[in-house]
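Beneath this line is the structure, given in structure tokens, with notes to follow.
The values are calculated or read from the model by the stated rules, or taken from the named source; none is laboratory data. Just so we're clear, the structure is a prediction, and the values are computed from it rather than from any experiment. Cβ placement follows ideal geometry from the backbone for every residue including glycine, while neighbour counts extend to all protein chains displayed. Note: accessible area is taken over every heavy atom of the protein model, side chains too, but ligands, DNA and RNA are not part of it. Shrake-Rupley method; radii C 1.70, N 1.55, O 1.52, S 1.80 Å.
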Amino acid sequence: MQYAHITGWGKAVPPSSLTNDDLATFMETSDEWIKSRTGISKRHISHVNTSVLASVAAKHALAAAGIDGSELDLIILASASPDTLIPNIASTVQANVGATCGAFDINAACSGFLYGIGLASSLIKSGQNKKVLVIGAERLSFYLDWSRRETAVLFGDGAGAVVLEAREEEGGVLGYELNNDPDGREILKSSFGSQMDRLDTSSLDFYIQFNGQEIFKRAIQGMGSLSTKVLEKCNVDKDDVDWVIPHQANERIIDTLVSRMKIPKERAIVNIANYGNTSAATIPIAICDALDKGLIKPGQTILSCAFGAGLTSAALLFKWTDRVTPINTSDAKVPDCEQTALELIKPAVDYFFKKAAEEGR
């Protein structure tokens, strides 16, 4: 039997970062207000398309695995903010890494990366594929109405990727669980899509809509129940989990989740302070950061969980491979940006604050 092992990893974040103090220059907020409620100190704002971020992360993951893009059997790209809906942007990444294989996008919002890992591992275990690239990439700043503080302070841009390879030795992905709660579709959404009236210019005023209190409750329920389910399915005790890598949406959610699961907070990988919520990219970016810091060791057992619009949820249990350093490195990088993050978002800030004033908000 073949097992799906993570053998390569990589991330990409835009060079321009937007701090909490930057946000306070145009909205009523402060570093203390944002940090105490979310754990976020800054987030990155992209000046390039989502596919550029995804391609850079992919090149680093391929180099870390020591393989060429031409060796891939499949590319799965999770994103709720692709450059284009037609064609998919997995095909753009495919061209950029020199792959000749199947390639497609999936949208399970913030759970998308774990959905992709689950699918890739099943394809590998079935013998269908040997080497699969899974990417989570987002440019969520595209969706933000900067006059709405409840969402404007939360989201950032970035990408992360992993390579999964078939191996005979046991380990790698041990199990996964996926779920969706359609009753919660309306509490986290954007109106962007073919439902828009193309002849009505007001339809272009789409933005992320958010019920924070309801999401907090359902997120903990969804991630907690699936995490328990996957541990039971794999016959692994929570005390045998070395690291929990949860979706980085809000540090309060992470704290409550691990507390209810009776897992020590120090065993949770938390990096939301530096990135904000990058949706499908949060978990692969967190994996890269944990490896860079030397936290993940060969053979450790890792539990990852996520939730997102839909309301999707996912949990994945995997055992890390025998290698925590890249085989090769890549010189791929996100192009330099001559503008600050504040300069990048200024046209959108001006537009949405003018609209808010016209509406009396």
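Could you check the spin-label model distance between GLU358 and LYS229? Points 7 Å from the Cα along Cα→Cβ, value in nm.
Output for this residue pair reads 4.5 nm.
For segment 157-213, divide the Cα radius of gyration by the Kirkwood radius and give the resulting Rg/Rh value with two decimals.
Working: Rg = 19.4 Å, Rh = 16.2 Å.
Using Cα coordinates only, the ratio equals 1.19.
DSSP beta bridges in segment 199-324, what fraction antiparallel, as a percent rounded to 5?
Working: 8 of 13 bridges.
Approximately 60 percent, going by the DSSP bridge assignments.
Run the 1.4 Å probe and let me know the accessible area of LYS297, rounded to the nearest 10 Å².
100 Å²
Would you please give the residues with an amide H less than 5 Å from that of TRP9, counting only those at least 5 places away or on a separate chain, with H modeled from the backbone geometry?
Long-range HN contacts for TRP9: ALA64, ALA65, VAL163.
Starting from the amide H of LEU174, placed 1.01 Å from N in the peptide plane, find each other amide H under 5 Å away whose residue is 5 or more places distant or on another chain.
Correct list: LEU317, PHE318, LYS319.
Given a 1.4 angstrom probe, I'd like the percentage of the accessible area of the chain that is carbon and sulfur, rounded to a whole number. Could you put the intermediate results ahead of the total?
On the way: 7410 of 15240 Å².
For the chain, the apolar C and S fraction of the accessible surface comes to 49 percent.
Suppose every K and R has +1 on its Cβ and every D and E has -1 on its Cβ; what is the size of the dipole of the chain about the Cα centre, in Debye to the nearest 20? Kindly include the intermediate steps, with their values, before the conclusion.
Details: 35 positive and 44 negative charges, 105 e Å.
So the dipole magnitude of the chain works out to roughly 500 debye.
From the protein chains alone at 1.4 Å, what is the descending order of accessible area for TRP146, TRP33, largest first?
Numbers: TRP146 5, TRP33 65 Å².
Descending accessible area places them as TRP33, TRP146.
Provide the solvent-accessible area of THR151, counting protein heavy atoms only and rolling a 1.4 Å probe, rounded to the nearest 10 Å².
Spelled out: THR151, probe radius 1.4 Å, area about 0 Å².
What are the residues whose amide H is under 5 Å from the amide H of ALA103, where those residues sit 5 or more places off or on another chain and H is modelled from the backbone?
Those lying under 5 Å, H to H, from ALA103 are ILE75.
How much of the pair distance distribution for the chain lies past 32 Å, counting alpha-carbon pairs only, in percent?
Numbers: 17465 of 64980 pairs.
Value for the chain (Cα pairs over 32 Å): 27 percent.
Please determine, in degrees from 0 to 90 and to the nearest 10, the orientation of helix 282-292 with respect to the longest principal axis defined by the Cα atoms of the chain, where the helix direction is its Cα long axis.
It is inclined by approximately 60 degrees.
Within the P(r) computed for segment 181-277, what percentage of the Cα pairs occupies the region above 23 Å? Mind showing how you got there, number by number?
On the way: 1942 of 4656 pairs.
Counting every Cα pair in segment 181-277, those more than 23 Å apart make up 42 percent.
Can you tell me which of SER46, SER330, SER191 moves the most in a GNM of the chain? Springs connect C-alpha atoms under 10 Å apart.
SER191
Of ARG198, ARG167, which has the most accessible area and how do the rest follow, probe 1.4 Å? Walk me through the numbers before you get to the answer.
On the way: ARG198 230, ARG167 60 Å².
In descending accessible area the options line up as ARG198, ARG167.
Nearest 5 percent is fine: what portion of the DSSP beta bridges confined to the chain is antiparallel?
70 percent
For a label point 7 angstrom out from the Cα of GLU168 toward its Cβ, which stretches of segment 1-29 have the backbone nitrogen within less than 17 Å?
Within reach of a label on GLU168: 1-5.
Using protein chains only and a probe of 1.4 angstrom, how many square angstrom of ASP322 are accessible, to the nearest 10?
Here the residue's solvent-accessible area equals roughly 110 Å².
Any number yet on Rg/Rh for segment 262-361, C-alpha, Kirkwood? Spell out each step's value before the answer.
Details: Rg = 19.4 Å, Rh = 17.6 Å.
In segment 262-361, Rg relative to Rh is 1.10.
Once the Cα gyration tensor of segment 92-140 is found, what semi-axes does its equivalent ellipsoid get, as square roots of 5 times the eigenvalues, in whole Å, sorted largest first?
Working: eigenvalues 71, 55, 9 Å².
That gives 19, 17, 7 Å for the three semi-axes.
Determine the calculated [θ] at 222 nm for the chain from helices alone, applying -39500 (n - 2.57) to every DSSP H run no shorter than 4 residues and normalising by the residue count; nearest 500 deg cm²/dmol. All intermediate terms of the calculation are to be shown ahead of the outcome.
Values: 11 runs with 120 residues, N = 361.
Helix contribution divided over all residues of the chain: -10000 deg cm²/dmol.
So if I take the centroid of the Cα atoms in segment 304-361 and the same for segment 79-152, what is the distance between those two points in Å?
Segment 304-361 and segment 79-152 have Cα centres spaced 13 Å from each other.
Where a ≥ b ≥ c are the square roots of the eigenvalues of the C-alpha gyration tensor, would you call segment 273-324 rounded, which needs a/c under 1.5, or, failing that, prolate if a/b is larger than b/c, or oblate?
oblate
Check the straight Cα-Cα distances from LYS233 and name the aspartates and glutamates below 15 Å, setting aside those fewer than 8 residues away within the same chain.
By straight Cα distance, LYS233 reaches GLU177.
What percent does the relative contact order of the chain come to when contacts are Cα pairs within less than 8 Å and at least six residues apart?
Numbers: 873 pairs, mean separation 96.8, N = 361.
Computed over the chain, the figure is 27 percent.
Within the set LYS59/LYS130; LYS11/LYS59; LYS59/LYS131; LYS42/LYS265; LYS131/LYS319; LYS42/LYS262, which residue pairs have Cα atoms separated by over 20 Å? Could you put the intermediate results ahead of the total?
Values: LYS59/LYS130 18 Å; LYS11/LYS59 9 Å; LYS59/LYS131 14 Å; LYS42/LYS265 22 Å; LYS131/LYS319 17 Å; LYS42/LYS262 29 Å.
The pairs that break the limit, which is 20 Å between Cα atoms, are LYS42/LYS265; LYS42/LYS262.
For segment 258-302, what log10 I(q)/I(0) values come out of the Debye formula at q = 0.28 1/Å, with one point per alpha carbon and no solvent?
Ignoring solvent entirely, the Cα scatterers give -1.13.
Using just the C-alpha positions of segment 61-197 as equal point scatterers, what log10 of I(q)/I(0) does the Debye formula give at each q in 0.16, 0.18 1/Å?
So the normalised log intensities work out to -0.91, -1.08.
Considering every pair of different Cα atoms, what Kirkwood radius, in Å, is found for segment 218-258? Please report the intermediate quantities before stating the final value.
Numbers: mean 1/r = 0.0919 Å⁻¹.
That comes to 10.9 Å for segment 218-258.
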